[in-house]
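Here the structure comes first, spelled out in structure tokens, and everything after it is commentary.
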């Protein structure tokens, strides 16, 4: 990674988000080079008599995990496992963390008769591939969304035993053109990014992809015993690894890629001990085999411990943090730094008025630029400098609010700098939100309603709306607490709730919608309509938003629940990369921690906005433990948005890209009949 890249890690997503159409493909740089994202060898997870066991490779720290689980797999950073709950026929995920264990079912479609087996995490961990009904299926790791068939009908076969890698390669076993056709198993490789298939080994079974996705190990029967073979993912370099007269079952690469674990059945003797299955490790370089003491089981999986990343973006005060967040995100004119973007516009808000600031991120996401805070009476010198640094002359600078919010001298200064000043305003914050919405799109697909008397819900909604980027069709309208002004219900009345999805964020917004409809303010709406409800505390509503809007996020922004300015900076800098989350100043809120843990398989970067006065230093390790394993994270402070001077403090590496939101509104649907 370019050591000078201010946002080289923060623009990241691993290629995790690409899987099978569940999340849109990543633009630009979407590599997944595990050599640049190193892992250490963690614990082994295996099945012993129907119970999963953790153990270190040297045989220490053996711990029983679950009573009716088998066929476990680790996520790419070792923070989650997926397994089959054999007692109930379920596919489940669990967060591997020392503070708590959280689980979720991967729900099979009703009436499908699917009995899931052999799960594997694919790409960076956001998606799980498994076998059901003789085909490979893919599901979002942290969601109840229905799984999808991975391959189209033109490449159907009887497929099973998939093994995924972070570069999008997927090894699997195919036994024929259909499950009714018996045949000799063969190992195939599917390349997720290119959609290409290749049969790499005939008469082969039980494949395991190497950590870098470049090679695989599989089993093949030789002289009556299953031996280990390695081969490159392109089908070249076939090598027989073992020759001893025993069966080597279900191999698993070590995260470092230099050892292979497997299980074998040993007949009891004075030398070997009682009869039964044992876990062994093969050292590829030395050619030696070592038994894992006391590990008597099958289906071994080797935990990779990879370092996730936490960034802190901050300045000398909250307004300087706003400038820092812009520098952290947008290129300097004439330069192109990996991970940074070229701005096409900018949005100005008053640094003293949160109400007019709440919808700015939705506009900034659409217009592709930062949200910058300035004084009401004039354009601050720091903002002038930042505009000249990153925005070409002739581009539009949007001013949100009338002259009582941002004076005419602000607009005049913007014009004198060579930009086009465009004011979006009306008589109130509520009607101004309508003006912003109209500027974003004339055909909204999603309309968020949030109260304009508190910033938390509206900022989170604005972040979600802005995440749609330049193709955005989502807008945010502000209610006056639990009532709705004429400009807002007049706007809503122009659109049918059957085609424009109305999402209420918080109880006040829902009450305002109900009152407007029952009061006859929406006469063009039908007698039966639906909307989508988000309730709970501000922190909880933001998490609900994150849950349904981003199916598999690799990034998230965290800001103090007490700072609207921090929320604006966070949502502006990260809006097209991940959700805005709130935290307390000195502790990580329970709901936010739970969200981070639940999404930890895909989430590999969290950006914290503001200094220690906004988010205390003690919160950083709590975030690290929520998204990863123990202290396996890198922490990089970006003071004033700049890269630290010490190379040792740089994040290790990551690939780059942006997931497009994939809203799943069904669980939030409320239908009203009158």
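Restricting attention to the stretch 204-228, the residues that are in a loop (DSSP other than H, G, I, E, B) and farther than 18 Å from residue 284 by Cα total 3. Residues in the stretch 234-245 that are touching a strand residue (DSSP E or B) at 6+ places or on another chain (Cβ under 6 Å) and modelled with pLDDT under 95: 245 only. Restricted to strands (runs of 3 or more DSSP E) entirely inside the stretch 1-93, those with at least 1 residues that are over 21 Å from residue 128 (Cβ atoms) and either out of contact with any strand residue (DSSP E or B) (no Cβ under 9 Å at 6 or more places or on another chain) or modelled with pLDDT under 90 (or both) are 51-55, 63-66. Residues that are touching a strand residue (DSSP E or B) at 6+ places or on another chain (Cβ under 8 Å) and modelled with pLDDT of 95 or more were ranked within the stretch 330-340; the one that is surrounded by the most Cβ atoms within 10 Å (Cβ to Cβ) is 330. Counting only strands (runs of 3 or more DSSP E) wholly contained in the stretch 229-318, the ones carrying 1 or more residues that are under 27 Å from the mean Cα position of the chain (by Cα) occupy 249-253, 298-306, 308-314.
Going through (1) in contact with a helix residue (DSSP H, G or I) (Cβ under 8 Å, 6 or more places away or on another chain); (2) more than 20 Å from residue 358 (Cβ to Cβ); (3) in a loop (DSSP other than H, G, I, E, B) one by one, residue 382 falls short only on (3). Of all residues in the stretch 574-590, exactly one satisfies the criterion of being part of a helix (DSSP H, G or I) and either out of contact with any helix residue (DSSP H, G or I) (no Cβ under 8 Å at 6 or more places or on another chain) or modelled with pLDDT of 95 or more (or both), namely 590. The single condition among (1) surrounded by 21 or more Cβ atoms within 10 Å (Cβ to Cβ); (2) in contact with a strand residue (DSSP E or B) (Cβ under 8 Å, 6 or more places away or on another chain) that residue 584 does not meet is (1). For the stretch 373-388, the set of residues classified as surrounded by 16 or more Cβ atoms within 10 Å (Cβ to Cβ) and either closer than 13 Å to residue 333 by Cα or free of Cβ contacts under 8 Å to residues at least 24 places away in the same chain (or both) consists of 386, 387, listed by residue number. A count restricted to the stretch 218-235 and to residues that are under 11 Å from residue 171 (Cβ atoms) and surrounded by fewer than 23 Cβ atoms within 10 Å (Cβ to Cβ) stands at 2.
Annotation note: of 318, 361, 352, the sole residue that is crowded, with 24+ Cβ neighbours inside 10 Å and in the same structural domain as residue 390 (by TED's automatic domain parsing) is 361.
Restricted to the stretch 439-551, the set of strands (runs of 3 or more DSSP E) holding at least 1 residues that are at pLDDT 95 or above and surrounded by fewer than 24 Cβ atoms within 10 Å (Cβ to Cβ) comprises 446-451, 501-505, 528-534.
Checking each residue in the stretch 184-217 for being at positive phi and either surrounded by 19 or more Cβ atoms within 10 Å (Cβ to Cβ) or free of Cβ contacts under 8 Å to residues at least 12 places away in the same chain (or both) picks out 195, 206, 213. Among the residues here, residue 559 qualifies as in a strand (DSSP E or B) and touching a strand residue (DSSP E or B) at 6+ places or on another chain (Cβ under 9 Å). Look through the stretch 591-619, keep the residues that are modelled with pLDDT of 90 or more and surrounded by fewer than 21 Cβ atoms within 10 Å (Cβ to Cβ), and return whichever of them is farthest from the chain's Cα centre (by Cα). So the residue we want is 613. Note on the stretch 102-193: enclosed strands (runs of 3 or more DSSP E) holding 2 or more residues that are modelled with pLDDT of 90 or more are 117-122, 127-132, 135-140, 159-164, 169-174, 186-191.
The values are calculated or read from the model by the stated rules, or taken from the named source; none is laboratory data. Just so we're clear, the structure is a prediction, and the values are computed from it rather than from any experiment. Note that we place each Cβ from the backbone using ideal geometry, even for glycine, and neighbour counts take in every protein chain shown.
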